[in-house]
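To keep things clear, I will list the structure first and then write my remarks on it.
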């Protein structure tokens with residue numbers, strides 16, 4: 001029996017002739033390009049589309065992120081080899097997973113399509129759409145590149161520890177505890193990396209938009225169109241910053257506190273540091289720092305791509321002005337752009353060639369005729385207004401630099417340098433308190 005359901009149109013369909021339906025919000029369906037994201041969120045139990053699935057997601061979160069590590073820690077007998085840093089590892093991972101899970105719950109309320117800025121693609125070119133579709137498909141490989149090495153290394157560490165220590169008498173109990181701890185580790189790390197990858201994908205879309213935006217200057221686009229495009233991108237960046245600012249700042253505080261705690265625990269006197277005691281702490285630190293760096297790198301990249309538009313606009317303004325004055329309207333050079341629209345011609349402020357008046361002549365009628373006949377003069381007022389439009393656009397871009405912000409602070413290289421110096425100063429101060437030379 002043939003399937004009678006209508007075939008669903010692709011989510012990022014190629015741009016066709018403009019129509020009213022093209023500029024409306026397209027509906028989600030099970031076969032669009034977001035099916036992989038929906039399946040991944042469903043398998044990770046982060047599905048909040050309805051009440052039962054949301055309740056199941058919360059139940060799985062409490063089971064794997066809170067109950068599982070606590071149950072294993074309480075079930076270990078007193079005769080088991082000590083793991084002095086295990087409590088710090090479990091607390092750090094649980095707090096990171098809690099932050100990511102709560103952030104995903106808040107972000108997914110607007111819908112996956114709006115979160116990934118799919119609806120905004122109707123204003124962009126086919127090249128931007130194709131690049132974003134490829135990035136959506138590539139995002140899961142990026143997630144696997146971060147998650148697989150950490151998970152495999154932690155699984156190997158836990159297998160080694162439970163095989164060498166054998167805290168329980170029954171090997172089945174050892175295997176069950178090992179599997180439960182490994183599942184808890186994978187779940188918490190996956191939830192944390194998932195929101196970082198989502199932020200990276202959203203920032204990549206803005207990078208594609210800025211690349212296309214920069215190319216519009218080379219095509220001599222209208223100033224009003226360029227200004228409208230920039231305002232649309234700036235508004236989108238403001239929304240992204242508003243959605244992710246709490247996650248970025250809390251993630252920064254959490255990772256900083258976790259790393260300082262790990263540094264203090266490993267540099268204290270008489271600390272036993274080896275693979276068995278500190279191996280899991282190292283994996284935890286690498287995972288948290290990697291996720292934070294993904295977010296900061298993505299935010300700084302789109303910020304600098306956006307701020308670089310100012311230099312592109314200034315170069316475009318200078319190039320358009322110079323070419324306009326080099327291209328004579330009476331004898332145009334086909335290799336140069338036409339001096340129309342907002343390009344100022346070379347003879348914008350003088351009488352047309354061949355009609356120069358003689359300052360020593362007595363032909364007042366000729367002078368009067370030359371001053372009245374508009375066909376012998378270039379309409380420099382229009383070109384001067386176009387020059388002022390370009391200059392106003394450059395001034396606007398110089399004084400309205402967009403980018404990812406965290407409570408008013410732009411995430412750029414300057415902000416990252418200041419953050420690095422603060423972190424480095426705190427590390428040096430902590431090492432000065434714990435490490436001494438005798």
* Asked: In whole Å, what is the distance between the alpha-carbon centres of the range 265-295 and the range 69-129?
  -> 19 Å
* Answer rounded, prolate or oblate for the range 216-292, using the Cα gyration tensor with square roots of eigenvalues a ≥ b ≥ c: rounded when a/c is under 1.5, else prolate when a/b is larger than b/c, else oblate. => prolate
* For the range 385-438 and the range 174-209, write down the distance between their C-alpha centroids in whole Å. => 27 Å
* To do: Calculate the spin-label point distance for residue 38 paired with residue 246, positioning each point 7 Å from the Cα along the beta-carbon direction, and give it in nanometres.
  => 2.7 nm
* For the range 389-432, list residues with backbone N below 11 Å from a point placed 7 Å from the Cα of residue 227 toward its Cβ? -> 389-397
* Grab the alpha carbons of the range 35-167, take their convex hull, and tell me the volume per residue in Å³. => 124 Å³
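Throughout, read-outs are computed from the coordinates displayed, never taken from laboratory work. Owing to the predicted nature of the structure, the values given are computational and were not obtained by experimental measurement. We place every Cβ from the backbone using ideal geometry, glycine too, and count neighbours over all the protein chains shown.
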